Amino acid sequence: LPFPLSSILWTVKTLEGNSLKHYLQLDFFFEALSQFLAIYLISASKKDSVFFKDQWEKISNDLSRNKLSIRKSTVGTWVQIYSQLAKKIRADLLDNSLKEVWLERFAIDDEDFLNAILNKKLVTLLKKANALRNSWRGHGGVIGDKEAEKRSNDLLNLLLEFRSLIGQEWKNYPLVTPQVMKYSQGIYQYKCSLVMGVRTPFENINVQLKEPL
């Protein structure tokens, strides 16, 4: 998984045996995941300014109706943004002529990966995680070990479901931070940090791209 999602999960592993901290860190993972996916879809959508303007107006209206705001974003905000954009893009993919357009906007060439990150089951999963979060945060107070363990197990089940949907897809699309670039004969040659995994300093890699990072 891209960093820092993998770092969050590594921390989850180190907290086994401490039910309270374990469940809170798993909760944090789903918060970060919803932000990551929403921003990824926003980034691809903004490749077409007309499309994005139209969709963002609809999203903003729906956020307002649900008393949510991007200025004071919650997990619910990110899940709703992701959910609405994913639904619209899935509809576009039914048109073969638009399929290639979206692959280009996401800068990927694997239709399976695109389908994985737009999967309805992934939308449902994030909504479940957010509903659990709202239920738990809405009933405050100190919780005991049994309740903390139950919450951990609920979120672990969602994590396993997430892994079954995504698998190792991200390995083919590394997350990088650009360092040095040379442009030659229409190709952008970059030295990058491979911002994946749980360890720092990050590995350096060389990549050749048709578009600048």
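Distance check, please: which entries in 47/120; 21/58; 87/182; 58/128; 120/171; 99/120 exceed 27 angstrom between their Cα atoms?
Result: 21/58; 87/182 exceed 27 Å.
Quick one: length gained pulling residue 115 to residue 143 fully straight, 0.36 nm per residue minus the C-alpha distance?
Result for the pair: 6.2 nm of gain on full extension.
What value does the range 1-69 have for Rg/Rh, both radii from Cα atoms and Rh as Kirkwood defines it?
Checking Rg against Rh, the ratio lands at 1.16.
Taking only the Cα atoms of the range 110-213, how large is their convex hull per residue, in Å³?
For the range 110-213, the hull spanned by Cα atoms encloses 152 Å³ per residue.
Enumerate the helices in the chain for which the Kyte-Doolittle hydropathy averages 0.5 or more and the C-alpha atoms extend at least 30 Å along the helix's axis, using complete DSSP H runs.
19-45
Take the Cα atoms of the range 1-124, find their three principal axes, and give me the spread along each one in whole Å, biggest first.
Extents along the principal axes, in whole Å: 51, 36, 21.
Can you compute the modelled spin-label distance between residue 134 and residue 10, with each label point 7 Å from Cα toward Cβ, in nm?
3.4
Please report, largest first and rounded to whole Å, the three semi-axes of the ellipsoid equivalent to the chain, where each semi-axis is the square root of five times an eigenvalue of the C-alpha gyration tensor. Don't jump to the answer; show the numbers that get you there.
Values: eigenvalues 202, 114, 45 Å².
Gyration-tensor ellipsoid for the chain: 32, 24, 15 Å.
What is the percent carbon and sulfur in the accessible area of the chain, measuring with a 1.4 Å probe over the protein chains and ignoring ligands?
Details: 6530 of 12820 Å².
Solvent-exposed carbon and sulfur of the chain make up 51 percent of the total.
So what is the accessible area of the range 136-200 per residue, in Å², with the probe set to 1.4 Å?
Per residue, the range 136-200 has an accessible area of 68 Å².
About the Cα centre, and with charges only on the beta carbon of Lys, Arg (+1) and Asp, Glu (-1), how big is the dipole of the chain? Nearest 20 debye, please.
620
The values are calculated or read from the model by the stated rules, or taken from the named source; none is laboratory data. None of the values given here were measured: they were computed from a predicted structure. Cβ atoms come from the backbone with ideal geometry, glycine included; neighbour counts cover every protein chain shown. Heavy atoms of the whole protein, side chains included, go into the accessibility calculation; ligands, DNA and RNA do not. Shrake-Rupley method; radii C 1.70, N 1.55, O 1.52, S 1.80 Å.
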